[in-house]
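Chemist: Sending over a structure as structure tokens; questions will come in a sec.
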Amino acid sequence: MMKNDAVSALHDDIAACKLCAAHLSLGPRPVVRFSASARILIIGQAPGLKVHQSGVPWDDNSGDRLREWTGLSKDVFYDESRVALVPMGFCYPGKGSSGDLPPRKECAPQWHGSIMKLLPASRLTLLVGSYAQAYYLKDDPRNMTDKVKDFQSFLPRFLPLPHPSWRSTKWMKDNAWFASEVLPVLRDEVRKCLTR
């Protein structure tokens with residue numbers, strides 16, 4: 001019960017966070033979900049505008065593609081007791097010249113450590129996109145494509161993935177090995193975590 005109390009208190013602290021408020025064009029609205037029992041952790045980038053408006057993580061085309069990649073139904077994907085959804089930046093960072101701005105750099109150092117302490121030690125962490133990989137695989141200087149191609153070397157703790165945005169359509173065509181080599185293992189690892 002104490003761990004659940006700690007999760008609830010941390011959720012409250014995150015919801016009240018104003019750390020980056022001065023830099024957020026639409027103001028803070030942290031979008032994050034986790035519990036003490038989630039054995040799958042998905043670390044993405046930051047909420048887009050649609051997610052900022054709905055308050056539901058991965059509530060967009062990228063989320064549809066990520067669920068397809070993982071083989072997770074919406075019901076399981078949004079079941080906090082099984083899947084934690086923790087982006088690098090919890091709030092919508094605003095629009096840049098070529099898409100959304102990067103996640104705010106203050107967020108992960110402020111909150112990720114506290115969240116990780118409450119999650120099960122034996123979990124699979126999906127590092128979705130280059131920001132999550134740069135933070136959690138900082139000792140590996142390779143680019144995102146090379147890390148994803150070498151995904152086996154990061155298992156069982158991490159599994160790096162490209163970001164499932166519309167841009168990944170071309171990336172997947174250029175890197176056909178992703179669908180044939182990575183996705184079957186990804187789905188198998190996700191299944192194993194859910195049946196522990």
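Since every read-out is calculated from the coordinates, none of them should be taken as a lab result. Every value quoted in this text rests on a predicted model; they were computed, and no experiment measured them. Cβ coordinates were reconstructed from backbone atoms using ideal geometry, including for glycine residues, and neighbour counts include every protein chain displayed.
Chemist: Out of region 146-178, which residues are surrounded by fewer than 16 Cβ atoms within 10 Å (Cβ to Cβ), in contact (Cβ under 8 Å) with a residue 12 or more places away in the chain and under 18 Å from the mean Cα position of the chain (by Cα)?
Modeler: Those that are surrounded by fewer than 16 Cβ atoms within 10 Å (Cβ to Cβ), in contact (Cβ under 8 Å) with a residue 12 or more places away in the chain and under 18 Å from the mean Cα position of the chain (by Cα): LEU155, PRO156, ARG157, TRP166.
Chemist: Any residue in region 94-105 that is of a type outside the set (Asp, Glu), under 22 Å from GLY27 (Cα atoms), in contact with a Ser or Thr (Cβ under 7 Å, 6 or more places away or on another chain) and touching a residue at least 40 places away in the same chain (Cβ under 8 Å)? Give the derivation first.
Modeler: To start, the set of residues in region 94-105 that are of a type outside the set (Asp, Glu) comprises 94-99, 101-105.
Still in the running and under 22 Å from GLY27 (Cα atoms): 94-99, 101-105.
Filter once more, keeping what is in contact with a Ser or Thr (Cβ under 7 Å, 6 or more places away or on another chain): 94.
If we keep only those that are touching a residue at least 40 places away in the same chain (Cβ under 8 Å) too, we end up with 94.
Yes, some residue in region 94-105 is of a type outside the set (Asp, Glu), under 22 Å from GLY27 (Cα atoms), in contact with a Ser or Thr (Cβ under 7 Å, 6 or more places away or on another chain) and touching a residue at least 40 places away in the same chain (Cβ under 8 Å).
Chemist: Pick from ALA108, ALA121, ALA84: which is part of a helix (DSSP H, G or I) and at negative phi? Before the answer, list the steps.
Modeler: Details: ALA121 fails: part of a helix (DSSP H, G or I); ALA84 fails: part of a helix (DSSP H, G or I).
That would be ALA108, the only listed residue that is part of a helix (DSSP H, G or I) and at negative phi.
Chemist: Run PHE77 past the list (1) hydrophobic (A, V, I, L, M, F, W, C); (2) within 10 Å of the chain's Cα centre (by Cα); (3) closer than 26 Å to ARG196 by Cβ and report the number of the one that doesn't hold.
Modeler: Every condition holds for PHE77 apart from (2).
Chemist: Scan region 160-169 and give yes if some residue there is aromatic (Phe, Trp, Tyr), under 24 Å from PRO57 (Cβ atoms) and touching a Leu at 6+ places or on another chain (Cβ under 8 Å), otherwise no.
Modeler: No: region 160-169 contains no residue that is aromatic (Phe, Trp, Tyr), under 24 Å from PRO57 (Cβ atoms) and touching a Leu at 6+ places or on another chain (Cβ under 8 Å).
Chemist: Let me ask something else. Scan region 79-87 and tell me whether some residue there is surrounded by 12 or more Cβ atoms within 10 Å (Cβ to Cβ), farther than 29 Å from LYS18 by Cβ and hydrophobic (A, V, I, L, M, F, W, C).
Modeler: So far as region 79-87 goes, no, none of its residues is surrounded by 12 or more Cβ atoms within 10 Å (Cβ to Cβ), farther than 29 Å from LYS18 by Cβ and hydrophobic (A, V, I, L, M, F, W, C).
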